[in-house]
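Single-structure report; data block below.
What follows is calculated from the coordinates using simple rules that are stated; it is not laboratory data. It should be emphasised that the depicted structure is a prediction, and the values quoted were computed from it without experimental measurement. Heads up, the Cβs are rebuilt from the backbone with ideal geometry, glycines too, and the neighbour counts pull from every protein chain shown.
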Amino acid sequence: MAAAARVALYNCLSPLDSDLDRPLSELRTFADRHGWRIAAEFVDRGYPDPRRPQRAYLLEDVLEGKFDLVAVWRLERFGRSLDDLVSSIDRIVRSRVGFFCVQENLDCAGPVAQHFMMSFVQAERHFLAERAHAGFEAARARGAKLGRPRKQIDAAMVRADYDRGFSLRECARLHGISHSTVIRVLHDQGEK
């Protein structure tokens, strides 16, 4: 008889959860139904706290080979973003550990599932880039200036220091600007 799979259970609790014990209880029931031996339980509280220390401990233990399988309650409770979710699942699967999501009934251990998840990440990145670009265009249309404001430079002082014999780099250091900014200032004044 084969040994029961050692499973790590993970959940991240939201303050909005009405029953804090339900997800973990259902994870335990699910593990029992599949004949898995619960090796550890990891629960982060205060979702969406980005630190998620219990998840970090879980991933460390996965790398140490302490589990055969990781079971989570919901995907969005495991990853901080789609990119983070996929890279974390990839780390788990590359460690030859299975990954199962109970609510979505999703087994992410196979290469097809991994490919599917990666396509989601690429789509998410594309959507983010499109939304950012659209936001920049809308801001420009409203007349907003984008980017960091230019540093106020006393061009006359930069010119005076350069004329007194300071090098370009010395002028830059004196005025707290870059070497290329000194060149631009001097060029704007018609020299260099």
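Rounded to whole Å and sorted largest first, list the principal axis extents of the Cα atoms in the chain.
Taking the Cα atoms of the chain, the three principal extents are 88, 39, 34 Å.
Taking the Cα centre of the range 123-192 as the origin and placing charges on Cβ (Lys, Arg +1; Asp, Glu -1), which of 180, 143, 157 is farthest toward the positive end of the dipole?
With unit charges placed on the Cβ atoms, the residue in question is 143.
Nearest 0.05, what FRET efficiency do residue 14 and residue 56 give at R0 = 25 Å with Cβ-Cβ as r? Don't jump to the answer; show the numbers that get you there.
Details: r = 19 Å, r/R0 = 0.75.
Plugging the Cβ-Cβ distance into 1/(1 + (r/R0)^6) gives 0.85.
Roughly how far apart, in whole Å, are the Cα centres of the range 37-109 and the range 136-174?
48 Å
Sort 24, 9 so that the residue with the fewest other Cβ atoms within 10 Å of its own Cβ comes first and the one with the most comes last. Don't jump to the answer; show the numbers that get you there.
Values: 24 17, 9 26.
Fewest to most other Cβ atoms nearby, the residues stand as 24, 9.
Note down the magnitude of the dipole of the chain about its Cα centre, charges +1 on Lys and Arg C-beta and -1 on Asp and Glu C-beta and zero elsewhere, to the nearest 20 debye.
Details: 30 positive and 27 negative charges, 146 e Å.
Dipole magnitude for the chain comes out near 700 debye.
Okay, helix-only estimate at 222 nm for the chain: each DSSP H run of n ≥ 4 adds -39500 (n - 2.57), divide by all residues, round to 500 deg cm²/dmol; what do you get? Walk me through the numbers on the way to the answer.
Details: 8 runs with 98 residues, N = 192.
Helices in the chain give a 222 nm mean residue ellipticity of -16000 deg cm²/dmol.
Using Cα pairs under 8 angstrom and six or more residues apart, how large is the relative contact order of the chain, in percent?
Working: 220 pairs, mean separation 29.6, N = 192.
Normalised by residue count, the contact order of the chain is 15 percent.
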